[in-house]
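Working notes for the structure below.
We did not get these values from a lab; they are worked out from the coordinates using the rules stated. For clarity, every value in this text was computed on a predicted model and none was experimentally measured. Every residue, glycine as well, gets a Cβ built from its backbone with ideal geometry; the counts of neighbours run over all protein chains shown.
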């Protein structure tokens, strides 16, 4: 109940943030512009609208996760509101989980709006619904939940600027995790290769949540792989939140 | 300045907006237009400076489908610019290969790319290599072996290979109804002109682009012109110079019922 109260409050706070609306406006503009671009594509309207739409939804969703996530805890400390909260009978775990759920709710609404726009545009271009797009958007959302958890983790011990740089770095490496593995296996020397492979295992594998291409091309998706990715995502988020709690628990607020 | 200070904030804002609009229309847009190259949008520069596919793949941060679409749009701009001028497209092969390297399942990039490579750039080897690459990545799509068969059949006139790829097409779901008929005619070594005409008409009917329709119309006109000439029937064309006729003893026996449907 307390977690939910903090989550709702965080959601309200995020909903008042102008950054959210600027990013959302740009995303909607880009998704809308994809229709104009698609007209120049020699019969590839459907593919271009869906590709650009899903990419815009994922990319701008990541911006929202990063730029709102980095200030989640830091703002509370800076404004000293955290003293009021932790002096109440609220455990720090509840505080962090509430903050996280609040931002995830904000993301759910914004990514949901973008995904619905993509599905609607896809329907207008194709003349039929593509429910697979919602599945692709769902997996993108799971990847964004990981990015939010990374931002929250950095937010517990670092400044917003550094948190933004670190989270952006994790996001970029996570999106290119396949290339990191390839580098470790094929190009790096034995010692470096092992070190890079260790980094590959620790950094979130965000590439595994990219199923948009298969959905758009109508390729089969293995339910076992999807299930494994979902479990991996939830496990990774849990691990990050526990780490964030461990760090936040040790912080001394005087 | 004094007058500006005396204005209300709302009027200052309106005045600034009006001035910004005047500067945009009076200076920014005219100056921008003057710097445009005679070709227009600098597509040539963007094509020449386009990084290789591995670099684009890394830069795309995993949004490879979107990057492939952007390179595809650039390819169309490049192609369109040259189709209306000199019809020379030396960079087309590199562009199309970049698109399919970024998105190996982009079937239309293989089929349309091969068509333009063959009929606009005159690069049949490039067209065949592109379609073979497409078949490797998309073994369940009938369009790719079908177009490869068509290329061997109409352009290379290598009938055994055309037959092989039509047979591959025949085994795939969604293939056109005329494929079994083609296979039967290929076995019988007849009807080359009818086949060619039917292939081009099918392409024209399915084309979503005027450029593709133009290629199909041109080839149909050529075939009709040939057919109207004396002694130019389908049979003479099938055994014309440079073609590889179908060696009946080298071919597998036709499957039961082949050619009876469609």
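Averaged over the residues of peptide A:42-53, the number of Cβ atoms from other protein chains lying within 10 Å of each residue's Cβ is 6. Axis of helix A:2-15 versus longest Cα principal axis of chain A: the two differ by about 60°, to the nearest ten degrees. Between 0 and 90 degrees, the angle of helix A:45-69 with respect to the longest Cα principal axis of chain A falls at about 10 degrees.
For chain A, just say rounded, prolate or oblate: build the C-alpha gyration tensor, square-root its eigenvalues into a ≥ b ≥ c, call rounded for a/c under 1.5, and beyond that prolate if a/b exceeds b/c, oblate if not. Oblate shape, in that a/c is at least 1.5 and b/c is the bigger or equal ratio. Length gained on full extension, residue A:246 to residue A:231: 3.2 nm, using 0.36 nm per residue less the C-alpha separation. With Cα atoms defining each centre, region B:135-172 and region B:98-117 are spaced 16 Å apart in the structure. A crude spin-label estimate for the pair residue B:12 and residue A:75, with each label 7 Å from Cα along the Cβ direction, gives 2.9 nm. For the protein assembly as shown, a/c is not less than 1.5, where a ≥ b ≥ c are the root eigenvalues of the C-alpha gyration tensor, and a/b tops b/c. That puts it in the prolate class. If you look at the Cα atoms of region B:43-126, you get an Rg and a Dmax of 12.2, 37 Å.
Under 10 Å, Cα contacts only: if you run a Gaussian network model on chain A, which one of A:241, A:135, A:152 comes out with the highest mean-square fluctuation? Answer for the Gaussian network model of chain A: A:135. With a point put 7 Å past each Cα toward its Cβ, work out how far residue A:239 is from residue A:221 in nm, to one decimal. For the pair residue A:239/residue A:221, the computed spacing is 2.3 nm. The relative contact order of chain A comes to 24 percent, based on Cα pairs under 8 Å that sit 6 or more residues apart.
Look at the stretch B:68-80: the mean tally of other chain Cβ atoms within 10 Å of its residues' Cβ atoms is 3.
Fully extending the segment from residue A:93 to residue A:9 would add 28.6 nm, taking 0.36 nm per residue of separation and subtracting the current Cα-Cα distance. Between residue B:221 and residue B:177, the simple spin-label model (points 7 angstrom out along Cα→Cβ) gives 3.0 nm.
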